[in-house]
Structures are given as C-alpha cells and as structure tokens.
Amino acid sequence: MQTKILLDEEQIPKQWYNVQADLPSPLDPPLNPRTQKPIVPEDLSAIFPMELIRQEVTTDRYVDIPEEVRDVFRLWRPTPLYRAHRLEKFLKTPAKIYYKWEGVSPAGSHKVNTAVPQAYYNMKAGVERIASETGAGQWGSSIAFATMLYDMDCTIYMVRSSYEQKPYRKSMMRVWGAECIPSPSTRTESGRTVLKKDPDTPGSLGIAISEAVEDAVNHEKTNYALGSVLNHVCLHQTVIGLECREQLAMVDDYPDVVIGCVGGGTNFAGISFPFAGDKLTGKHPDIDIIGVEPASCPTLTRGLYTYDLADEAGYTPLLKMFTLGHDFVPPSMHAGGLRYHGDSPIVSRLVHDGVMRAVAYHQSEVFDAAQTFARTEGIIVAPETSHAVKGAIDEALKCRQTGESKTILFNCSGHGNFDMSAYDAYSAGTLVDYEYPDALIKEALDRIPKIA
Ligand SMILES: *Cc1c(COP(=O)(O)O)cnc(C)c1O
C-alpha cells in the first residue's frame, strides 16, 4: 500500500512543456485595446522582461528551465504525489484517487512555481524592483519570497479588505522583505482617484492591478508581475503535471480523469497541460480533463468565449478567453483566489474546443468535501483547492455507481492554514451559496467591448 510516490531532486523537470505547440491552430493573439490590432512585444516591454514576453507567445514544445531556477526548486520540488487510500476507503469507491501536493512550498501553494522564474528573468534583465498586486495574499507572499532570493525590492498592493482581514499573509510578505501597501493607496494616480471618490472603499483586485501597473510603468528598473492567467504562467506551472506523469509511471498508472480548481486557470493548466498534450497528439485520446470553478463566479460554465479586458481599468490587452465581463463583480466568498471574471486564454481555448470541460460547485458543498478530505487524508486545504477535492470526490462516487475503477488525479494546490475563519463559517453554518440570475450575467456580458 504505497501512499507517497516520490521523485528525487535530479528528476525535477529540466524543461517546461508548452501546449501551444500541440494546438491544432494558433491561439487568437492579444489585442491592443486602443487600436484593436494584435499587440507587439514593445507594447509589453515597459512592464515585462523580454524573455517572459517570448515565453508568452512561443510555440516551441519545450522551454529550458534555467539551472539557477531548478536549484531554488530543490527547496520544495519534486512535490509528493499521494495515493488517497483513506479517502477511497471512506467513499467505498473502486476508483484510484491520486493528489499532487503543492502545499509543501514555502508560501504554501503552487504560485511560487512561477514567482521564482519570473523574479529570475527580471533580475537577469537588470530589473531592481517588482510591483504587483494581491487579493487574499497568496500571490503577494509568493512573489515576495521569490524577489528576496535575487535581492530585489518588492512592492505589493494588497486589496484593503484583505489587508485588514488577513493579517498573516501580510506578515509573511514583511518577513521576506517586501513592502505591502493597502490598496487603494495614495502612491498612485489610480489609487488617489478612487480614494477621493470613496475614502472608505474596501478596494478590489481591479484597482490593485491598476496601481501596480502604474507603479511599474512610471519607475525605472521596476517591472510588473502577474501570478495567474497569462501563457507564461501556465507554462511555468507545467512542472506539476510533468512530475505527476513520471510519478504515476513509477506505479504503472496513467490518469483517466485529471482535475484542478480554476481561478485564472494556472494550477489547473499546470497539472493538466502535459496530459492535454497526450490527448491532442492522440496518445491518450479519451482522458477526461475537468476544471472546477465556483458557482458564484462561473466563468467557464456560464461566461462567453470572446475578447475582453483582463482588468477593470483597461490597462491590459484584450484577451480571447471565457469571461463574465471585465466589470463583473463576483460576490465576496472564501475562495478569494477563484474570484476572477476571466480565465487563461489557453485553458479557455481547450474548453471551447472540447479538449477539457468545466463544472461549477457552491461554497457549502466544496467545504463539505474539504472537511471529508481533512478527516481522511489529514490535510486542511485552501478554500480554492477544496473545489478540486469536490470534483475528485464526485468522480469517485460516479465510479461507485458504475463499478469502474478509474484512475483520478487532482491538484491539491495549497494549504488552508490561514483560512481557518472560512472553516469556522462552514462549521457555524453561515456560508452563503449564491446563484447568479441569468439576467445579471447577461447584462455584464452585454457590456464587453465589441471587436470589429
Ligand atoms: C491562487 C490560487 C488558486 C487559483 O489560481 P489559478 O491561477 O487558477 O491556479 C488556486 N489554489 C490556490 C491554493 C491558490 O493560491
């Protein structure tokens, strides 16, 4: 009864896998919001280093991981793959359930897998400071850790409501030497404008992104970094799925079903793209790849596949993706990291093409699943991750019905050690499930800018 399937450090992947190489036709390019023409690298060079811009658009199947980055990965990679024997037994399922545990990283989630290479390429390009935003604080703490490794400064604009409610993520950023500022702030024009109108605003991710981009554009040797959505972020996360494929091969297995939770789509991309590649190239045509999102922010299941802005203020290019509309405001919920109106353009394309599919669940049912997981496997997962747990449990229960012994793999993207108030709300029965009325979704979709 092997429980942990472990690789050694030499087996940390040497290359990232780029699924763009195996798409039957190229992705639709990002557009400049003013001209509606495809953007050129120069449009992005004020805020991103050239190597990341190159990785955003390359169709090379593999991209080398710098040795210096692999050296940092040794601190937590390869991450363990677990066989969930206890969960299987509890569910009385003939299915085999495996989970990849990304919560062992310094910041406690998959996000450092991209924070480290992003900081590295910026350092190589002579950048001395990163400005970025954070909602609940998972990305802010990851990029704080990564910039510290390369002696860079780091300024994080943290959504004010989280800044006040989630003090420990902010403390982590300070320990790693980053400056964390509640957003909106008086540091930027965008922040001052919002504060003048509403001094008591709780802030939003859209405003925080605008502040960080403005900071990066206006300061020499300062760049911006994004922890989700973009193609290069998906690329960096593929170490997850590449390791899983090796680990499953060690026990002579291969997944029938691959599952991840979806915020901007990158931890799901990370675990699934290598397998999606196997599906696209006909090696494993029948694999079922499922993204799980919150019913209160149902981008893939109820959104539109079209060009839309990636932020509220309109600083970013137009991306072809599933979107609920850039000014769509999802209700506040505990899985803050899944509260985004859009999704990764590559994940969107693969869902649109039927290579992957998506399901949506309510808060209370995902916390039920998370509690079951904590009481069987022991790990208390992040509220975001609990969506993937719920997806895996549902697939395993289907197997109990049909008697099939499928191999189910899911990404356990992070721990919930700073999210215990959400578990308290679940125990107290005060979690609210919210179903969007069709009319409200339609109104937000109608406000998406029309492309000629
Ligand atoms: C940020 C986060 C997510 C959602 O982001 P993706 O880009 O969709 O992966 C999921 N799980 C955890 C633990 C996170 O921190």
Enumerate the pairs (first residue in the stretch 97-115 and farther than 15 Å from Gly241 by Cα and among the hydroxyl-bearing types (Ser, Thr, Tyr); second residue anywhere and part of a loop (DSSP other than H, G, I, E, B) and away from the ligand (no atom under 11 Å from the Cβ)) with beta-carbon separation below 7 Å, excluding pairs fewer than 6 apart on the same chain, so at least 6 apart or on different chains. Ser105/Trp76
Would you please name the residue that is nearest to Glu88 (Cα to Cα), looking only at residues in the stretch 370-412 that are over 20 Å from the mean Cα position of the chain (by Cα) and among the small types (Gly, Ala, Ser)? Ala396
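Touching a strand residue (DSSP E or B) at 6+ places or on another chain (Cβ under 8 Å), part of a helix (DSSP H, G or I) and either surrounded by fewer than 21 Cβ atoms within 10 Å (Cβ to Cβ) or among the charged types (D, E, K, R) (or both): is that true of Lys170 in this structure? Even if it seems obvious, please write down each step before you answer.
Working: touching a strand residue (DSSP E or B) at 6+ places or on another chain (Cβ under 8 Å): yes; part of a helix (DSSP H, G or I): yes; either surrounded by fewer than 21 Cβ atoms within 10 Å (Cβ to Cβ) or among the charged types (D, E, K, R) (or both): yes.
Spelling it out, Lys170 is indeed touching a strand residue (DSSP E or B) at 6+ places or on another chain (Cβ under 8 Å), part of a helix (DSSP H, G or I) and either surrounded by fewer than 21 Cβ atoms within 10 Å (Cβ to Cβ) or among the charged types (D, E, K, R) (or both).
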Would the stretch 306-322 turn up any residue that is surrounded by fewer than 22 Cβ atoms within 10 Å (Cβ to Cβ), within 30 Å of Ser190 (Cα to Cα), in contact (Cβ under 8 Å) with a residue 24 or more places away in the chain and of a type in the set (Gly, Ala, Ser)? yes
Exactly one of Gly177, Gly137 is within 21 Å of Phe418 (Cβ to Cβ) and either in contact with a Pro (Cβ under 7 Å, 6 or more places away or on another chain) or buried (at least 21 other Cβ atoms within 10 Å of the Cβ) (or both), and that residue is Gly137
Identify, from the list Thr93, Thr59, the residue that is surrounded by 14 or more Cβ atoms within 10 Å (Cβ to Cβ) and at pLDDT 95 or above. Thr93
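Can you give me the number of residues within the stretch 377-415 that are part of a strand (DSSP E or B) and either within 15 Å of Glu293 (Cβ to Cβ) or within 12 Å of the ligand (Cβ to nearest atom) (or both)?
First, pick out the residues of the stretch 377-415 that are part of a strand (DSSP E or B): 381, 407-412, 414-415.
Okay, now just the ones that are also either within 15 Å of Glu293 (Cβ to Cβ) or within 12 Å of the ligand (Cβ to nearest atom) (or both), so 381, 410-412, 414-415.
Residues that pass the stated criteria total 6.
Just to be sure, is Trp101 buried (at least 24 other Cβ atoms within 10 Å of the Cβ) and hydrophobic (A, V, I, L, M, F, W, C)?
On the way: buried (at least 24 other Cβ atoms within 10 Å of the Cβ): no; hydrophobic (A, V, I, L, M, F, W, C): yes.
It is false that Trp101 is buried (at least 24 other Cβ atoms within 10 Å of the Cβ) and hydrophobic (A, V, I, L, M, F, W, C).
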Tell me the residue from Val251, Val262, Val239 that is aliphatic (A, V, I, L, M), over 20 Å from Ser45 (Cα atoms) and surrounded by fewer than 17 Cβ atoms within 10 Å (Cβ to Cβ), please. Val251
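Out of the residues in the stretch 113-126 that are over 17 Å from the mean Cα position of the chain (by Cα) and under 21 Å from Met158 (Cβ atoms), which is farthest from the ligand (Cβ to nearest atom)?
Residues of the stretch 113-126 over 17 Å from the mean Cα position of the chain (by Cα): 119-126.
Cutting the leftovers down to under 21 Å from Met158 (Cβ atoms) gives us 119, 122.
Details: Ala119: 17, Asn122: 20 Å.
Among them, the one singled out is Asn122.
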Determine the pairs where a residue that is within 16 Å of the ligand (Cβ to nearest atom), located within the stretch 214-231, has a partner that is of a type in the set (Ser, Thr, Tyr) and assigned to a loop (DSSP other than H, G, I, E, B) with Cβ atoms under 8 Å apart, the partner being 6 or more residues away or on another chain. Ser228/Tyr340; Ser228/Ser344; Val229/Tyr340; Val229/Ser344; Leu230/Ser344; Asn231/Ser344
Among the residues that make up the stretch 424-444, is at least one of them over 20 Å from Glu293 (Cα atoms), modelled with pLDDT of 95 or more and among the β-branched types (Val, Ile, Thr)? no
Look through the stretch 265-279, keep the residues that are more than 10 Å from the ligand (Cβ to nearest atom) and under 27 Å from Gln363 (Cα atoms), and return whichever of them is surrounded by the fewest Cβ atoms within 10 Å (Cβ to Cβ). Phe273
Do you know which residues across the stretch 289-301 are more than 15 Å from Asn411 (Cβ to Cβ) and not hydrophobic (A, V, I, L, M, F, W, C)? Pro294, Ser296, Pro298, Thr299, Thr301
Do we find a residue being out of contact with any strand residue (DSSP E or B) (no Cβ under 7 Å at 6 or more places or on another chain), of a type in the set (Lys, Arg) and within 12 Å of the ligand (Cβ to nearest atom) anywhere in the stretch 345-356? no
May I ask you to say which residue of Gly191, Gly203 is on the phi > 0 side of the Ramachandran plot and either surrounded by 21 or more Cβ atoms within 10 Å (Cβ to Cβ) or at pLDDT 95 or above (or both)? Gly203
Ala131: passes all of (1) part of a helix (DSSP H, G or I); (2) in contact (Cβ under 8 Å) with a residue 60 or more places away in the chain but (1)
Given the criteria of a type in the set (S, T, N, Q), surrounded by 17 or more Cβ atoms within 10 Å (Cβ to Cβ) and farther than 30 Å from Arg34 by Cα, does Thr385 qualify? yes
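Determine whether Tyr120 is part of a helix (DSSP H, G or I) and among the aromatic types (Phe, Trp, Tyr). Give the steps one after another, and end with the answer.
Working: part of a helix (DSSP H, G or I): yes; among the aromatic types (Phe, Trp, Tyr): yes.
So Tyr120 passes the test.
Can you tell me which residue within the stretch 67-112, out of those that are touching a strand residue (DSSP E or B) at 6+ places or on another chain (Cβ under 7 Å) and among the charged types (D, E, K, R), is nearest to the ligand (Cβ to nearest atom)? Can you show your working first?
If we filter the stretch 67-112 for residues that are touching a strand residue (DSSP E or B) at 6+ places or on another chain (Cβ under 7 Å), which is where we start, we get 79-84, 87-88, 95-103, 108-110.
Next, only the ones that are among the charged types (D, E, K, R) stay: 83, 88, 96, 100, 102.
Details: Arg83: 21, Glu88: 23, Lys96: 23, Lys100: 12, Glu102: 7 Å.
Across the stretch 67-112, the extreme among qualifying residues is Glu102.
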Reported set for the stretch 280-305 where residues are within 12 Å of Gly342 (Cα to Cα) and either within 16 Å of the ligand (Cβ to nearest atom) or in contact with a Ser or Thr (Cβ under 8 Å, 6 or more places away or on another chain) (or both) is Glu293, Cys297, Pro298, Thr299, Leu300, Thr301, Gly303, Leu304, Tyr305
Filter result (touching a Lys or Arg at 6+ places or on another chain (Cβ under 7 Å), within 16 Å of the ligand (Cβ to nearest atom) and touching a residue at least 40 places away in the same chain (Cβ under 8 Å)) within the stretch 362-376: Val366
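The values are calculated or read from the model by the stated rules, or taken from the named source; none is laboratory data. Because the structure is predicted, anything quoted here is derived from the model rather than measured. Cβ coordinates were reconstructed from backbone atoms using ideal geometry, including for glycine residues, and neighbour counts include every protein chain displayed.
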